[in-house]
Amino acid sequence: MSELLAPPGRIIPLFDVPASNHEVRLHLADAWSRVCASGQFVGGPEVEQFEDAWTAHCGRRFVVGVGNGTDALTLTLLALGIGSGDEVVLPTNTFVATAEAVALVGATPRFVDVEPDTLLVSVDEVRGALTDRTAAVIAVDLFGSIPDMDALADLTDRAGIALLEDAAQGHGAARQGRPAGSFGVASTFSFYPGKNLGALGDAGAVATDDRWLASRIRSLGNHGRVGEQLHLHAVAGTNSRLDALQAAVLSAKLVRLRAWTRHRQELAECYRDGLRGSPATVVQVPEGVDSAHHLFVVQMDDRDGVRRRLGARGIATGVHYRVPCHRTGAMQRDAVDPLPVAEEAAGRILSLPMYPQLSEADVSRVCEAVAEHTLEVRA
Ligand SMILES: *Cc1c(COP(=O)(O)O)cnc(C)c1O
């Protein structure tokens, strides 16, 4: 046990947003002065510029900036007319926001299980969960990977229902060359600071090819206004808009996104090499997917023991997510069907440090600490 008290080396955080900010600090300072001098703080040219850039990045026709990733989902569901009496199918192992959006519009979340190797939503489970009340399926780009969107689109097209992509963890990923944010009727993004493209506060967006849907979402997030008409409130909406400052920050960081994603992918390769032969099983990326590696997740026995040891070595880790949504107090209804794959995984998953400024030497240090733990536990 004395090992646990050994003095840590340099602290390795789970992510390091200040390090990314530092890389673009001159552009951030410039963005700050530009916006302060502009007199336009909500919406305006900075927002339009970022929306255009993000539209191109996603290969979509329209992007609507909103207040955060949860609102992006909620407003999209509202705009599609999904609400009371409707069911929405989604994977249980996602950030709770995916489910919250469904509950907030008054629809019923139908949670489904995931594939054991990728932890991405299982297409068969989705197929089995469709009923005549299902109004939409939300697929999640979990950990920066992308589920089988072709197979899911096939199901939802046949059923005549909407497919949404929750791409809050997907910025920079691709499936068969198609970027995250280009799948389904609409894709929703969060630009929370810790996401692969992050603002300096809350921000989000919806990407779609549907002009009507885009303008409906923009109207709902802007007090039901239509276009520039300040006093015409056509529908009961809410306030969820993108700030000019956050848009300017996102434009500054977007320039680095490709390089940052590439570096995450190189680090993931180092992890795979470094953990080979160790009892940590790396969560797989499906064939044909270039993961954006928002998180680098392994599965192993004695997960909490490893966490403690890494913590004592100055290495931060996380668990995404400790409780599958269908088991949270917020979502649990009277009878909960077991979702065994996600439930078992929840006790075994461990997120290791992953951010673009992490060094390969740091990755080696993490891998050694993981290997060391098992050697000692076995001894
Ligand atoms: C972060 C996240 C969200 C919510 O985004 P916010 O901007 O925090 O509201 C939704 N879904 C997933 C999968 C996320 O990771």
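Ordering VAL226, THR281, VAL366 by Cα displacement along the dipole of the chain toward the positive end leaves VAL226 in first place; charges were set at the Cβ atoms of Lys, Arg (+1) and Asp, Glu (-1). Among rounded, prolate and oblate, which fits segment 263-312 when a ≥ b ≥ c are the square roots of the eigenvalues of its C-alpha gyration tensor, a/c under 1.5 means rounded, and a/b larger than b/c means prolate? Prolate, because a/c is 1.5 or more and a/b exceeds b/c.
On the basis of the beta-carbon distance and an R0 of 51 Å, HIS263 and GLN229 show a calculated FRET efficiency of 0.65.
Using C-alpha pairs below 8 Å separated by at least 6 residues, the relative contact order for segment 99-221 is 15 percent.
When the chain is treated as a GNM with alpha-carbon contacts under 10 Å, the residue of CYS36, CYS58, CYS367 showing the greatest mean-square fluctuation is CYS36. The relative contact order of the chain, computed from alpha carbon pairs under 8 Å that lie at least 6 residues apart in sequence, is 23 percent.
Expressed as a whole percentage, what fraction of the accessible surface of segment 58-206 belongs to carbon and sulfur atoms when a 1.4 Å probe is rolled over the protein heavy atoms?
The value for segment 58-206 is 47 percent carbon and sulfur by accessible area.
Along the chain, counting only GluC sites (Glu not before Pro) with a DSSP assignment other than H, G, I, E or B and at most 11 other Cβ atoms inside a 10 Å radius, the longest segment between sites is 1-227.
Quick one: if the Förster radius is 41 Å, what FRET efficiency do SER364 and ALA153 give, using the C-beta to C-beta distance and rounding to 0.05?
Values: r = 41 Å, r/R0 = 0.99.
Result of the calculation: an efficiency of 0.50.
Counting only trypsin sites (Lys or Arg not before Pro) that sit in a DSSP loop (anything but H, G, I, E, B) with at most 10 other Cβ atoms within 10 Å, what is the longest stretch of the chain containing none of them?
Working: sites that count: ARG10, ARG276, ARG333.
Here the longest segment lacking exposed loop sites spans 11-275.
Between ALA53 and VAL319, the simple label model (points 7 Å from Cα in the Cβ direction) yields a spacing of 3.8 nm. Calculated accessible area for segment 189-265 comes out at 46 Å² per residue, all protein chains present (probe 1.4 Å; ligands, DNA, RNA ignored).
The values are calculated or read from the model by the stated rules, or taken from the named source; none is laboratory data. None of these values were measured; they are calculated from a predicted model. Note: ideal-geometry Cβ built from the backbone for every residue, glycine included; neighbour counts use all protein chains shown. In case anyone asks, the SASA skips ligands and DNA or RNA and just uses the protein heavy atoms, side chains included. Shrake-Rupley method; radii C 1.70, N 1.55, O 1.52, S 1.80 Å.
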